[in-house]
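Enquirer: Pasting a structure below so you can have a look.
The values are calculated or read from the model by the stated rules, or taken from the named source; none is laboratory data. Treat the numbers as computed from the prediction; the structure is a model and nothing was measured. Every residue, glycine among them, receives a Cβ derived from its backbone with ideal geometry; neighbour counts consider all protein chains shown.
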């Protein structure tokens with residue numbers, strides 16, 4: 001396209017010289033002044049007869065020049081995007097003469113699984129990964145940005161047609177781009193399809209040990225859970241009465257928190273343990289828990305790392321449903337494991 005633009009410019013210059021020659025040498029200008037009743041009419045005659053073909057060629061050349069210029073602008077934008085905005089550290093953009101293009105990989109079909117493993121190894125959430133690859137901060141990732149992301153992560157350097165096919169698998173609304181929910185749903189489906197390699201194994205206990213444990217298990221935890229549930233029920237009723245005094249936005253948020261709090265009955269707090277707001281930990285230290293998710297956990301009665309650390313696989317699912325989170329997200333982000341690491345660090 002650069003050659004097309006240069007050729008068009010050269011053609012315009014040559015054509016201009018040709019038109020000037022016709023204008024200077026036109027026999028019509030040699031006629032006696034008496035016969036030139038209308039200079040405008042004579043000039044129009046020159047345009048329509050002698051210059052007609054030349055003007056047609058001029059229009060074609062101008063079109064070619066504009067097309068070439070548009071591609072030059074696009075190429076410059078792509079170079080700026082790739083070399084300046086993708087965090088690739090280079091001394092300077094490679095010269096075309098010495099640049100050998102990187103060989104493209106063949107699509108294996110498991111790129112999404114490799115991406116899920118990559119995020120797990122790096123300890124990145126889907127949100128963090130999405131923000132890092134959204135180079136123009138548009139809230140959407142196009143095929144070029146996704147291609148750069150896979151290449152930088154050393155997952156695959158796929159050609160554009162394979163990237164288009166991969167993006168179309170995740171593109172639920174068909175706009176040709178990926179937003180955060182679409183990418184999150186795609187990776188969650190990969191996680192759900194994978195066999196659980198690290199299933200939680202509970203230690204085998206002899207029958208007599210079980211009997212001893214049942215007999216010696218304190219009933220205090222169950223009593224505390226029951227008392228706490230009664231307190232929470234009373235608090236929910238009081239919060240409902242205050243809804244009328246809130247504006248629409250605050251009321252909508254409060255109704256959602258009340259809805260979460262009502263699901264407390266589905267959680268085994270005899271296993272988790274009971275805590276209060278006065279002894280709350282900063283749950284946002286756990287990756288995957290943001291401000292509003294922390295509020296939902298508090299509404300549910302979960303305030304401390306130790307409570308999250310006590311979650312079993314079943315309780316993880318119950319909490320996931322109660323806070324109305326993405327399916328399997330609590331288990332996938334390993335909240336229990338992170339909480340155990342945090343409580344272990346505090347004890348040391």
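Enquirer: Quick check: is even one residue across the stretch 107-115 touching a strand residue (DSSP E or B) at 6+ places or on another chain (Cβ under 9 Å), in a helix (DSSP H, G or I) and modelled with pLDDT of 50 or more? Lay out the reasoning, then the answer.
Expert: So the first thing to find is which residues in the stretch 107-115 are touching a strand residue (DSSP E or B) at 6+ places or on another chain (Cβ under 9 Å), and the list is none.
The answer is no, given that none of the residues of the stretch 107-115 is touching a strand residue (DSSP E or B) at 6+ places or on another chain (Cβ under 9 Å), in a helix (DSSP H, G or I) and modelled with pLDDT of 50 or more.
Enquirer: Inspect the stretch 42-63 for any residue being outside any helix (DSSP H, G or I), in contact with a helix residue (DSSP H, G or I) (Cβ under 8 Å, 6 or more places away or on another chain) and modelled with pLDDT under 70 and give the result as yes or no. Before the answer, list the steps.
Expert: Of the stretch 42-63, the ones outside any helix (DSSP H, G or I) are 50-51.
If we keep only those that are in contact with a helix residue (DSSP H, G or I) (Cβ under 8 Å, 6 or more places away or on another chain) too, we end up with 50-51.
Next, only the ones that are modelled with pLDDT under 70 stay: 50-51.
Yes: the stretch 42-63 contains one or more residues that are outside any helix (DSSP H, G or I), in contact with a helix residue (DSSP H, G or I) (Cβ under 8 Å, 6 or more places away or on another chain) and modelled with pLDDT under 70.
Enquirer: To continue, here is another question. How many residues are in a helix (DSSP H, G or I) and buried (at least 17 other Cβ atoms within 10 Å of the Cβ) when one looks only at the stretch 271-303? Quick ask: steps written out before the conclusion?
Expert: If we filter the stretch 271-303 for residues that are in a helix (DSSP H, G or I), which is where we start, we get 271-272, 277-279, 283-285, 291-300.
Those still in the list that are buried (at least 17 other Cβ atoms within 10 Å of the Cβ) too: 272, 283, 293-294, 296-300.
The total comes to 9.
Enquirer: Just need a number here: residues in the stretch 314-333 that are surrounded by fewer than 16 Cβ atoms within 10 Å (Cβ to Cβ) and farther than 22 Å from residue 124 by Cα.
Expert: Count: 2.
Enquirer: Related question: Kindly establish whether residue 262 is outside the structural domain of residue 124 (by TED's automatic domain parsing), surrounded by 12 or more Cβ atoms within 10 Å (Cβ to Cβ), modelled with pLDDT of 75 or more and within 35 Å of the chain's Cα centre (by Cα).
Expert: On the way: outside the structural domain of residue 124 (by TED's automatic domain parsing): yes; surrounded by 12 or more Cβ atoms within 10 Å (Cβ to Cβ): yes; modelled with pLDDT of 75 or more: yes; within 35 Å of the chain's Cα centre (by Cα): yes.
So residue 262 passes the test.
Enquirer: Let me ask you something else. Considering only residues that are within 23 Å of residue 235 (Cα to Cα) and modelled with pLDDT under 85, which ones fall in the stretch 301-333?
Expert: Residue satisfying the conditions is 324 alone.
Enquirer: With the checklist (1) touching a helix residue (DSSP H, G or I) at 6+ places or on another chain (Cβ under 6 Å); (2) closer than 27 Å to residue 116 by Cα in hand, flag the one item residue 291 doesn't pass.
Expert: (1)
Enquirer: Within the stretch 158-181, work out how many residues are crowded, with 17+ Cβ neighbours inside 10 Å, assigned to a loop (DSSP other than H, G, I, E, B) and more than 16 Å from the chain's Cα centre (by Cα). Spell out the reasoning first.
Expert: At the first step, the residues of the stretch 158-181 found to be crowded, with 17+ Cβ neighbours inside 10 Å are 158, 162-163, 166-167, 170-171, 177-179.
If we keep only those that are assigned to a loop (DSSP other than H, G, I, E, B) as well, we get 158, 171, 177, 179.
Still in the running and more than 16 Å from the chain's Cα centre (by Cα): 158.
Residues that pass the stated criteria total 1.
Enquirer: Continuing with this model, one more query. Taking the stated definitions as given, is residue 184 assigned to a helix (DSSP H, G or I) and touching a residue at least 60 places away in the same chain (Cβ under 8 Å)?
Expert: Working: assigned to a helix (DSSP H, G or I): yes; touching a residue at least 60 places away in the same chain (Cβ under 8 Å): yes.
Spelling it out, residue 184 is indeed assigned to a helix (DSSP H, G or I) and touching a residue at least 60 places away in the same chain (Cβ under 8 Å).
Enquirer: So, one more: Of all residues being surrounded by fewer than 16 Cβ atoms within 10 Å (Cβ to Cβ) and part of a loop (DSSP other than H, G, I, E, B) in the stretch 126-139, which is farthest from the chain's Cα centre (by Cα)? Just the residue, please. Break it down stepwise before answering.
Expert: Initially, the stretch 126-139 is screened for residues surrounded by fewer than 16 Cβ atoms within 10 Å (Cβ to Cβ), giving 127-128, 131-132, 136-139.
Of the ones still in play, those that are also part of a loop (DSSP other than H, G, I, E, B) are 136-139.
Details: 136: 11, 137: 10, 138: 10, 139: 7 Å.
Here the answer is 136.
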